[in-house]
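Each remark here refers to the structure printed beneath this line.
Nothing in this text is a laboratory measurement; each read-out follows from the coordinates by a stated rule. Because the structure is predicted, anything quoted here is derived from the model rather than measured. Backbone-built Cβ (ideal geometry, glycine too); neighbour counts: all protein chains shown.
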Amino acid sequence: MPAPLETPARDITPDAPARDITIDTKVVEAVLSTRGAHLRHWRLKKYSDNAGQRVDLVPQNLPAGAARPFMLRVEDQAVSERLNTAGFERSGPGRDRIDATRAPTTVTFDFADASGLRARKTFVFTPESYVIQFSADVRLDDRQLNPAVVWGPGLGDTTVVNRYLQAAEGIVHRAGRVERLDTGDLAQQPAQEGPFRYGGVDDHYFLAAIVGPQVPARLEYEAVTPAAPSGETAATLVGYTARFAQPPSAAQFFFGPKDFDVLQAADTELVRVINFGIFSWLAVPLLKALKWIDQYVGNYGWSIIILTVLINVAMFPLRHKSVVSMRRMQELQPEVKAIQDRYAKLKSTDPETQKMRVELMNLYRERGVNPASGCIPMVLTMPVLFAFYALLSQAIEIRGAPFVWWIKDLSVGDPLYIWPIFMGVTMLVQQRMTPATGTDPMQQKMMMMMPIMFTVMGLWMPSGLVIYWSASNVLAIAQQVATNRLIGPTKVKTVRPAAERRVKQAGSGRTDAAARADDSGGGGTARR
């Protein structure tokens with residue numbers, strides 16, 4: 001026979017006045033209600049919302065009766081309703097406010113009524129952790145029930161749609177893989193079973209999940225769209241219910257920011273909830289470098305610029321080599337065009353066009369130029385650029401971080417649009433300075449449209465990204481100037497038209513080989 005609860009609570013009627021119990025740790029202010037012993041607020045002390053208030057990860061714009069974190073659900077709906085609306089008694093230190101900033105603190109809530117229903121909920125808070133340890137013991141007469149733990153819709157840090165922020169979605173770590181489940185996936189398959197390393201809900205910057213070594217559980221998801229402020233589009237929230245094989249005992253729930261160091265302290269695999277994409281292997285070292293610089297600078301805007309400078313200095317040899325290669329290709333363009341003009345009337349399927357390709361390859365080989373050498377160095381730098389982009393798109397460190405003057409939050413767009421316009425101007429200057437290598441005129445026009453496109457996109461991009469891109473463009477321009485001074489001005493070969501060469505050939509008796517030498521630049525003159 002199951003053992004009875006150690007200290008049965010007296011019968012408290014459901015209409016007894018509810019009280020809020022506030023637990024203060026160093027990182028959160030948690031508010032639990034004696035009505036159902038569920039979580040009403042989870043306010044993060046280190047993060048603020050747009051109004052300057054502490055971020056509350058429990059949504060407050062839900063309709064009355066909506067599920068809340070740590071509510072319980074059993075097979076009998078009436079019993080579930082009773083558990084979630086009954087008044088509980090609290091035992092533990094303090095009265096209505098508990099100080100948990102010095103040592104782990106246990107808070108216990110008990111309930112019992114005349115029908116034989118008894119319940120105990122136990123919460124353990126740790127001073128510097130976002131992990132809550134939770135146990136539930138529910139009994140009806142002599143029978144122990146196995147309640148599911150309900151986690152209401154979340155997360156509460158954003159209530160309106162933002163195209164640049166990840167919406168709430170399900171996330172599970174199963175069989176060594178992280179699976180992300182958007183609302184479309186959850187509509188098709190709302191239940192996920194495992195053992196899970198962790199599982200729950202996340203959005204762009206925050207996470208609510210069960211964590212632990214291979215927790216056998218069934219997660220049942222549900223999407224909810226609450227009311228939105230007038231003129232705004234409501235963001236869809238995602239809630240879940242966790243069903244364990246045994247009654248929850250010392251279950252670990254992480255409820256906090258997707259900060260790399262915080263996640264790593266809770267579980268080394270938990271860092272993978274930060275969606276750096278395929279460049280995570282490079283984004284993580286860059287993030288650590290950014291945080292290290294910020295320790296000394298104290299401003300993430302300047303830290304981004306300093307790290308951008310260091311990255312561009314490291315990439316200068318590759319960029320220099322790329323520009324030199326493109327310059328050599330640019331100098332060959334008149335000779336390349338002369339060869340192409342001789343075969344201009346041939347169809348692409350004509351076998352004679354193979355001779356053109358052979359002549360072009362011979363020209364490149366004689367001049368020691370590789371057509372791909374201008375692209376390869378730049379391709380090698382692309383992973384760094386994409387990793388930095390992924391880093392600044394996801395890092396919670398820049399959320400709410402000010403830069404200077406009008407930039408109050410690096411994670412949102414520039415309210416005055418100054419940085420996006422500056423970024424577009426620097427892109428335009430950089431493109432005009434880049435050596436042309438025979439690009440099709442239509443492609444050149446399309447390339448010149450890119451600064452306009454990026455400027456428009458930058459109007460809504462996080463300002464931290466725009467500052468990074470602008471700084472990178474300025475440094476690329478400076479490197480281009482330095483390279484131009486090192487290699488000198490462009491030397492362009494003048495190649496006479498084919499008709500002119502044929503007239504001269506007929507008058508001087510020159511051979512076909514000599515004429516071909518003219519085509520390859522042998523008879524040209526250098527001009528600056």
Theoretical FRET efficiency, 1/(1+(r/R0)^6), r = Cβ-Cβ of ASN299 and ALA66, R0 56 Å, to 0.05: 0.90
Estimate the FRET efficiency between VAL425 and ASN50 by the formula 1/(1 + (r/R0)^6), using the beta-carbon distance for r and 25 Å for R0, to the nearest 0.05. 0.25
Give me the one-decimal nm value for the distance between modelled label points at ARG365 and ALA344, 7 Å along each residue's Cα-to-Cβ direction. 2.8
When ARG54, ARG357 are ordered from fewest to most other Cβ atoms inside 10 Å of their Cβ, what list results? ARG357, ARG54
Interchain or sequence-distant (5+) residues whose placed amide H lies within less than 5 Å of the amide H of ALA401 are LEU410, SER411
How high is the relative contact order of region 242-340, given as a whole-number percent (alpha carbon pairs under 8 Å, six or more residues apart)? 11
Rounded to 0.05, the calculated FRET efficiency for the beta carbons of VAL313 and SER91 at R₀ = 60 Å is 0.45
What full-extension length gain, to one decimal in nm, is calculated for GLU81 and SER230 as 0.36 nm per residue of separation minus the Cα-Cα distance? 50.3 nm
What do you get when you divide the Cα radius of gyration of region 176-307 by 2.2 N^0.38 Å, with N the number of residues? 1.25
Give, in nm to one decimal, the length gained when the segment between SER249 and LYS288 is fully stretched (0.36 nm per residue of separation minus the Cα-Cα distance). 10.5 nm
Which whole-number percent is the relative contact order of region 75-186 (Cα, under 8 Å, 6+ apart)? 14
Give the relative contact order (percent, whole number) for region 20-275; include only Cα pairs under 8 Å separated by 6+ residues. 17
Net charge of neighbours whose Cβ lies under 12 Å from the Cβ of PRO257, counting Lys and Arg as +1 and Asp and Glu as -1: -2
In nm, the gap between the two label points placed 7 Å beyond Cα toward Cβ at ASP185 and THR268 is 2.5
Which of rounded, prolate or oblate describes region 20-275 when judged by the alpha-carbon gyration tensor and an a/c cut-off of 1.5? rounded
Packing-ranked peptide list from 345-354, 458-467, highest mean Cβ count within 10 angstrom first, is 458-467, 345-354
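Would you mind ranking TRP406, TRP42 by Cβ crowding within 10 Å, fewest neighbours first?
TRP406, TRP42
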Order of ARG163, ARG118, ARG35 from fewest to most other C-beta atoms within 10 Å? ARG163, ARG118, ARG35
Residue separation between ARG218 and LEU486 times 0.36 nm, minus their alpha-carbon distance, gives in nm 90.0 nm
